[in-house]
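See below for the structure under consideration.
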Amino acid sequence: MPKYLIKFVSEELHAKTLTNGKLFMRPASYYHNLELGQGDIREGALSHNKMIYMNNHFPIYCLYSVEESEIENGFIKVLKKCIDDFHCQNGYAVVLDYEKFVSVLPTLNTYGYKMNAGEVQYHVIRNNEFAILVNNKNGLNLFIKHPFYVHQKEYRLVVFESLPKECDHKEYSFESSIESIANVVKISSCDLRDEIFMIPIKRKNEAEDKVLYGEK
């Protein structure tokens, strides 16, 4: 079970959007044409050999899951490669307490649509899984990714709303701000040791908050 979840964002505004309790979600198909790393032509696929898709118009929200073994003296160890994939070297990491985040998930307004959440599995989809994935009612195919992405350690939310093709995003909101369970860290301020970023779980003080949020 994860101890923390991290959302990597390229802009301060995106960090504030999350801490204000709003999730900006993209359909799985949106990632088909992005650069390899953040992009994945296999999103929503029922096979990793043949591009047959299902549920790829469902919006997804991706977070990085942190295990106990990745924590050292109040810091989370994250591969630089993962930060590079999302082009967030000059961006922010929003660190969320896993248990508290999961506890507020039921308050997310999904406009009546079902939602599923969980850790992504990393393996090549086998031929004998095809029928299982087709008949699964929990969007299982959206929780399986190719092993190429295993370093991203993804925890994913899926809303079972099929967005129209012309819609490339939708915003879903919690009942209130989640700022109390989130810590925003500027990635460029973190130590880099042997291709590993040391991301603090907690901010040091109010002065650091003012720097991060641009307050005077």
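The values are calculated or read from the model by the stated rules, or taken from the named source; none is laboratory data. Being a predicted model, the structure only gives us computed values, none of them experimental. Ideal geometry is used to build each Cβ from the backbone, glycine not excepted, and the neighbour counts take in all protein chains shown. The accessibility values were calculated without ligands, DNA or RNA, using every heavy atom of the protein model including side chains. Shrake-Rupley method; radii C 1.70, N 1.55, O 1.52, S 1.80 Å.
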If you check I181 against the conditions, is it closer than 19 Å to N49 by Cβ and touching a Leu at 6+ places or on another chain (Cβ under 8 Å)?
-> no
Taking the residues in the stretch 166-178 that are of a type in the set (A, V, I, L, M, F, W, C) and modelled with pLDDT of 95 or more as candidates, determine which candidate is surrounded by the fewest Cβ atoms within 10 Å (Cβ to Cβ).
-> F174
Of all residues in the stretch 124-160, which are touching a residue at least 24 places away in the same chain (Cβ under 8 Å) and either of a type in the set (S, T, Y) or open to solvent by 40 Å² or more (accessible area, probe 1.4 Å) (or both)?
-> V124, N127, F130, V134, H146, P147, Y149, V150, K153, Y155
Residue hits (the stretch 109-139; assigned to a loop (DSSP other than H, G, I, E, B), in contact with an Asp or Glu (Cβ under 8 Å, 6 or more places away or on another chain) and over 18 Å from V66 (Cβ atoms)) are T110, Y111, Y113
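Looking at the stretch 32-51 only, could you name the residues that are under 17 Å from L140 (Cβ atoms) and either without any contact (Cβ under 8 Å) to a residue 12 or more places away in the chain or open to solvent by less than 30 Å² (accessible area, probe 1.4 Å) (or both)? Reasoning before the result, please.
In the first step, residues of the stretch 32-51 are kept if they are under 17 Å from L140 (Cβ atoms); the result is 40, 42-48.
Scanning the stretch 32-51 gives D40, E43, G44, A45, L46, S47, H48.
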Per the list (1) open to solvent by 20 Å² or more (accessible area, probe 1.4 Å); (2) within 14 Å of Y155 (Cβ to Cβ), residue check on K81 breaks on (2)
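N183: modelled with pLDDT of 95 or more, among the polar types (S, T, N, Q) and open to solvent by 20 Å² or more (accessible area, probe 1.4 Å), yes or no? Break it down into steps so the answer makes sense when it comes.
On the way: modelled with pLDDT of 95 or more: yes; among the polar types (S, T, N, Q): yes; open to solvent by 20 Å² or more (accessible area, probe 1.4 Å): yes.
Here the answer is yes, as N183 does meet what is asked.
Take the conditions touching a Phe, Trp or Tyr at 6+ places or on another chain (Cβ under 9 Å), of a type in the set (K, R) and farther than 24 Å from S189 by Cβ and apply them to K145. Does it pass?
Numbers: touching a Phe, Trp or Tyr at 6+ places or on another chain (Cβ under 9 Å): yes; of a type in the set (K, R): yes; farther than 24 Å from S189 by Cβ: yes.
So K145 passes the test.
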Under 8 Å between Cβ atoms, at least 6 apart or on separate chains: pull out the pairs that start in the stretch 94-118 with a residue that is of a type in the set (S, T, N, Q) and end on any residue that is in a strand (DSSP E or B) and buried (at least 17 other Cβ atoms within 10 Å of the Cβ).
-> N109/Y172; T110/V159; T110/Y172; N116/L157; N116/V158
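To keep it simple, each residue is scored yes or no on (1) modelled with pLDDT under 95; (2) more than 12 Å from the chain's Cα centre (by Cα); (3) of a type in the set (G, A, S).
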residue	(1), (2), (3)
N55	no, yes, no
I60	no, no, no
V66	no, no, no
F75	no, yes, no
V78	no, yes, no
F86	yes, no, no
Q89	yes, yes, no
V94	no, no, no
Among the listed residues E11, E72, E68, which satisfies the condition of being touching a residue at least 12 places away in the same chain (Cβ under 8 Å), surrounded by fewer than 18 Cβ atoms within 10 Å (Cβ to Cβ), touching a Gly at 6+ places or on another chain (Cβ under 8 Å) and on the phi < 0 side of the Ramachandran plot?
-> E11
Exception for L163 within (1) in a loop (DSSP other than H, G, I, E, B); (2) modelled with pLDDT of 95 or more; (3) of a type in the set (A, V, I, L, M, F, W, C); (4) open to solvent by 20 Å² or more (accessible area, probe 1.4 Å) falls at (4)
